[in-house]
Amino acid sequence: MNAAAIAPSAPGGVQPDQRTTVIEVRHLVKRFGEAVVHDDLNLDVYRGEVLSIVGGSGSGKTVLLRQIVGLERPTSGTIRVFGEDLKTLGAAALQALRNRWGLQFQRGALFSALSVIDNIALPLRELRTLPDDLICQASLLKLQLVGLSARDADKMPSDLSGGMIKRVALARALALEPELVFLDEPTAGLDPMASDDYVALIRELRRELGLTVVMVTHDLDTLVALSDRVAVLADHKVLAARPIRELVRIDHPFIREYFLGERGQRAMQALPPAPAAGPASPAHPASPADAPDPAGPQPGEA
Amino acid sequence: MPARGLESRLAHHFPHPLESLSTPAIEVTRADGAATAHLRGDWTALALSDCHRARALRHELHTVGADAQWSLAGLGRLDHVGAQLMWQAWGSKLPERLEANEAQRRVFGRVAGLRRENWKKHMVDRFNPVTLLGASILSMLAQLANGVTMLGQLAFDLLRFARAPQRGPWREISANIYSIGYKALGITALVGFLIGIVLSYLSANQLRIFGASIFIVNILGMAVIRELGPVLAAILIAGRSGSAITAQIGVMRVTEELDAMRVMGISHGFRLIMPRVIALAVAMPLLVAWTDVMALSGGMLAAHFQLNISAAFFLRALPDAVPVANLWLGLGKGVVFGMLIALTACHFGLRIQPNTRSLGEGTTASVVTSITVVIVADAIFAILFKDVGI
């Protein structure tokens, strides 16, 4: 039932009994017609950590994310989020659960007919009982939190640049201050400066709001900078879910290619020197020492 | 059943299985004339909305006032919405005597850092008649100009097509004829047939009173071939295919396909507009003829039962009752209506902005406008050809 079952050898790693599980995926099978996407996949996500999911194109990263939030139904297997199985929940309980997580879509999925501020305010307005001036202020605050200013509030989604769309999408995902945030390719298509800003932003938010983050990404730099653990999706299952430093010791063609190629080597140099006591435990999200951050994070200032 | 058991089994594993939010509340104690406000429960957007008391709590906060002693020690969770509620009550500064922990102070720090930069929620004046009139006149002028440009572009494209027909968009033309013409055969047949029956039934009673049953052939023939056939077919096609063309081109705008075409040097006029105009110009007269046939057969059937006029007699009398010029006029109308519908639909399709609301508005406007344009054109035909075929 605990982490040791999935990540069998976590030598000198985290203390499994101190972690609380937020997401628990067991024996997940997903097929689209003949095509097998996941076959007996297992994964745990712990409170307060940043877990990145990597894998080749078409390895089912996004499909896994969509199944966790209930946009796709698994062919078989169980998925529990906050201890609840989505399949057995009633409508009210499901809504309560959905209010506890936020999802930033790959291409933003902003409502094109609404302005930036209305997009962010939408989850708050949907609660139907809060006074509107309060909602506007809270939405402005979220806008500022992701590094945009009140001047951008009345823009329409079609007028935004790619980086701004990602930021607004994140602000909307954070509107209800969820405990759990899913990020689908958060830095894909951003220039390196913007994606560095974004990394600093997520780090800051994580410290401030105590977020648990599940992130699908292709970007090695983001991956190295943010992840506490990395789950590698290959051969239809999670090959391993461990800190990068331990992950690269695994002998598997995908891992060799991905992490130990030239690009991977370059990105890995950003890792802080390994502490003698083993990698930091992700069980204490509030402690700043947690984030592998030599430079000292600043909120995004775009 | 098993869900219940599982929940308890997992209780140690998940410390917060959907914990119910605790209701936010204020407790005021007074000692030696000094008030102390203890805030309890969760002050988050979800908790505040769950208890439906956001406004009441704001009022309570205001009545306590900033100069009291505030204790947040008993507070559960605090988010920006809850913090903002307090911040407003405190007059946008932390109260002097505040008991709060580091995390809570950090949240207030965020709230304090909010820069509004004069942003105000602004409402667009959507109902002022002067604004509305001005906006609609400007929009009409712009659309007219756009329509004229498009017509000119179409003329150039047709010339280019005539000069090198082997390099024309034949595939698009035939695909459009199939989807706009062939696939509409069923609906035009049904509507035409029923209208023929209705018209025949209504006229039959009047004609019988005057003993002029024979004239059913004139009434039906003239009405259907000259007017009803073309207009019916045009309205059906405007609703069915006009909307489809607008939505299709509109989505191409949303997905940037239009820009992709332009970058590759593929002209919108030559590849999107002209094939549809040609396809409708070809398909519409055929549909008009088809609708005519179906409406006349419906009328014949009704005349047979109501007035005992046989189909053979009806068909023999038809050429004498309706001069053939009417048929050409009807088919000619079909060509013109078809081109107008295609042009209107393309015009609105290309105007669509990349957002969902614009797509809906554009499609509606396209159908309404093309039906109006068809009827206006029909009136012009009636005036121009008042001496032909009557």
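Okay, here's what the table says:
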item	result
Residue match in the stretch A:164-174 (condition: more than 22 Å from residue A:205 (Cα to Cα), within 12 Å of another protein chain (Cβ to nearest Cβ), of a type outside the set (Gly, Ala, Ser) and out of contact with any Asp or Glu (no Cβ under 6 Å at 6 or more places or on another chain))	no
Scan of the stretch A:72-88 for residues that are more than 16 Å from the chain's Cα centre (by Cα) and either more than 12 Å from chain B (Cβ to nearest Cβ) or closer than 18 Å to residue A:183 by Cβ (or both), ordered by number	A:72, A:73, A:74, A:75, A:76, A:77, A:79
Members of the stretch A:143-154 found to be facing chain B (nearest Cβ under 9 Å) and not in a helix (DSSP H, G or I), listed by number	A:149, A:153, A:154
Test set (1) within 16 Å of residue B:240 (Cα to Cα); (2) among the aromatic types (Phe, Trp, Tyr); (3) at pLDDT below 95 - residue B:161 fails condition number	(1)
Condition check for residue A:96: outside any loop (DSSP other than H, G, I, E, B), facing another protein chain (nearest Cβ under 10 Å) and at pLDDT below 90	yes
Residue among A:114, A:103, A:140 that is within 11 Å of chain B (Cβ to nearest Cβ) and outside any helix (DSSP H, G or I)	A:114
Every residue from the stretch B:173-226 that is closer than 20 Å to residue B:242 by Cβ and of a type in the set (S, T, N, Q)	B:174, B:176, B:179, B:188
The stretch A:78-93, residues that are under 20 Å from residue B:50 (Cβ atoms) and loosely packed, with under 15 Cβ neighbours inside 10 Å	A:90, A:91, A:92, A:93
Selection within the stretch B:64-118 - polar (S, T, N, Q) and facing chain A (nearest Cβ under 10 Å)	B:84, B:88, B:118
Residue, farthest from residue A:51 (Cα to Cα), within the stretch A:177-212, restricted to residues that are part of a helix (DSSP H, G or I) and of a type in the set (Gly, Ala, Ser)	A:194
Residue within the stretch B:212-235 that is of a type in the set (Ser, Thr, Tyr), over 21 Å from residue B:287 (Cα atoms) and assigned by TED's automatic domain parsing to the domain that holds residue B:345 present	yes
Odd one out for residue A:120, checked against (1) closer than 22 Å to residue B:86 by Cα; (2) within 10 Å of chain B (Cβ to nearest Cβ); (3) of a type in the set (A, V, I, L, M)	(2)
Search result, residues across the stretch B:330-356 that are of a type in the set (Val, Ile, Thr) and within 14 Å of chain A (Cβ to nearest Cβ)	B:352, B:356
Failed condition for residue A:128, given (1) part of a loop (DSSP other than H, G, I, E, B); (2) in contact with a Leu (Cβ under 9 Å, 6 or more places away or on another chain); (3) within 9 Å of chain B (Cβ to nearest Cβ); (4) not small (Gly, Ala, Ser)	(2)
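Yes or no, residue by residue, for (1) touching a Gly at 6+ places or on another chain (Cβ under 6 Å); (2) outside the structural domain of residue B:79 (by TED's automatic domain parsing); (3) at pLDDT below 85; (4) of a type in the set (Asp, Glu):
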residue: B:7; (1), (2), (3), (4): no, yes, yes, yes
residue: B:10; (1), (2), (3), (4): yes, yes, yes, no
residue: B:15; (1), (2), (3), (4): no, yes, yes, no
residue: B:30; (1), (2), (3), (4): no, no, yes, no
residue: B:44; (1), (2), (3), (4): yes, no, no, no
residue: B:49; (1), (2), (3), (4): no, no, yes, no
residue: B:53; (1), (2), (3), (4): no, no, yes, no
residue: B:58; (1), (2), (3), (4): no, no, no, no
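This table checks each residue for (1) touching an Asp or Glu at 6+ places or on another chain (Cβ under 9 Å); (2) more than 24 Å from residue A:20 (Cβ to Cβ); (3) at pLDDT below 50; (4) not aromatic (Phe, Trp, Tyr).
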| position | (1), (2), (3), (4) |
| --- | --- |
| A:235 | yes, yes, no, yes |
| A:242 | no, no, no, yes |
| A:246 | no, no, no, yes |
| A:250 | no, yes, no, yes |
| A:255 | no, yes, no, yes |
| A:262 | no, yes, no, yes |
| A:275 | no, no, no, yes |
| A:286 | no, no, yes, yes |
| A:290 | yes, no, yes, yes |
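The values are calculated or read from the model by the stated rules, or taken from the named source; none is laboratory data. These numbers come from a predicted model, not from an experiment. Because the Cβ atoms are built from the backbone with ideal geometry, glycine has one as well, and the counts that use them run over all protein chains shown.
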